[in-house]
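Enquirer: Can you keep this structure in mind? I'll have questions shortly.
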Ligand SMILES: Nc1nc2c(ncn2[C@@H]2O[C@H](COP(=O)(O)OP(=O)(O)OP(=O)(O)O)[C@@H](O)[C@H]2O)c(=O)[nH]1
Ligand SMILES: [Mg+2]
């Protein structure tokens, strides 16, 4: 995929701020610090368009990025970060819930998990909830550069088992650091947009 244009559009904190031009939306969910923003930057080959941080819990809104006048990436706030207040967590739930329930242009939700660890309880809850709402899901298993190649298959199998994944859901091995999985994920995205 050749990226001709990529721009940040808005940090939405409520649904009436979501764009109204009906371009397909590809959302990214995952626990705090798992590498959502880094994945966006790798997909669009921009170093720092999506804000990355070593401080977890930093992205608190739905951040919209418009790509090639063809789609939006929607970067979700990370979940599972212990140090956010109850009130903040409730707010997180509200916006995500209304987005997932009602967002017509949502074509695919990319759920990101870390290859080094089995999916957490929060990951499983998120996955179950997406399935419950019939959202098309692709699971990206990222940071694969952090473990030896010989362990990739085993760790992907553990991720599938822990999530009790639907066999028809696609899993993509990824590394934002090395660019592994980029073309494969673009293919998944293009198929999702084509319906
Ligand atoms: N080695 C390696 N490091 C990665 C990879 N992806 C992300 N990281 C690092 O992991 C940290 C968190 O990455 P982010 O992209 O900011 O994570 P995030 O999920 O957007 O985090 P929040 O917005 O806080 O929820 C950063 O230090 C990244 O450099 C990867 O594929 N490989
Ligand atoms: Mg982020």
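Please treat every number below as a calculation from the coordinates, not as lab data. These numbers come from a predicted model, not from an experiment. Cβ placement follows ideal geometry from the backbone for every residue including glycine, while neighbour counts extend to all protein chains displayed.
Enquirer: Sorted from largest to smallest, which semi-axis lengths in Å does the alpha carbon gyration tensor of the range 135-176 give for its equivalent ellipsoid, taking the root of 5 times each eigenvalue?
Expert: Equivalent ellipsoid semi-axes, largest first: 19, 12, 7 Å.
Enquirer: Where does the chain land at 222 nm, in deg cm²/dmol rounded to the nearest 500, when only DSSP H runs of n ≥ 4 count, each adding -39500 (n - 2.57), divided by all residues?
Expert: -10000 deg cm²/dmol
Enquirer: How many nm separate the modelled label positions at residue 17 and residue 116, each set 7 Å beyond the Cα in the direction of the Cβ?
Expert: 3.2
Enquirer: Once R0 is set to 30 Å, what does the formula 1/(1 + (r/R0)^6) return for the Cβ-Cβ distance between residue 87 and residue 7, expressed as a FRET efficiency to the nearest 0.05?
Expert: After rounding to 0.05, the efficiency reads 0.40.
Enquirer: I've got another one for you. From largest to smallest, what semi-axes in whole angstrom does the chain give when each is the square root of 5 times an eigenvalue of its alpha carbon gyration tensor?
Expert: In descending order the semi-axes read 23, 20, 17 Å.
Enquirer: Under 18 Å from a label point 7 Å along Cα→Cβ of residue 101: give me every residue in the range 1-41 with its amide N that close.
Expert: Output list for this probe position: 13-18.
Enquirer: Among DSSP bridges having both ends in the chain, what percentage is antiparallel? Round to the nearest 5.
Expert: For the chain, the DSSP antiparallel bridge percentage is about 35.
Enquirer: How far, in nm, would the chain grow between residue 133 and residue 194 when pulled straight, counting 0.36 nm per residue and subtracting the alpha carbon separation?
Expert: Extending this stretch completely gives an extra 19.9 nm.
Enquirer: Neighbour counts of other C-beta atoms within 10 Å: give me 124, 144, 138 arranged from fewest to most.
Expert: By the 10 Å Cβ count, ascending, the order reads 124, 138, 144.
Enquirer: Report relative contact order for the chain in percent, whole number only (criteria: Cα-Cα under 8 Å, sequence separation at least 6).
Expert: It comes to 24 percent, rounded to a whole number.
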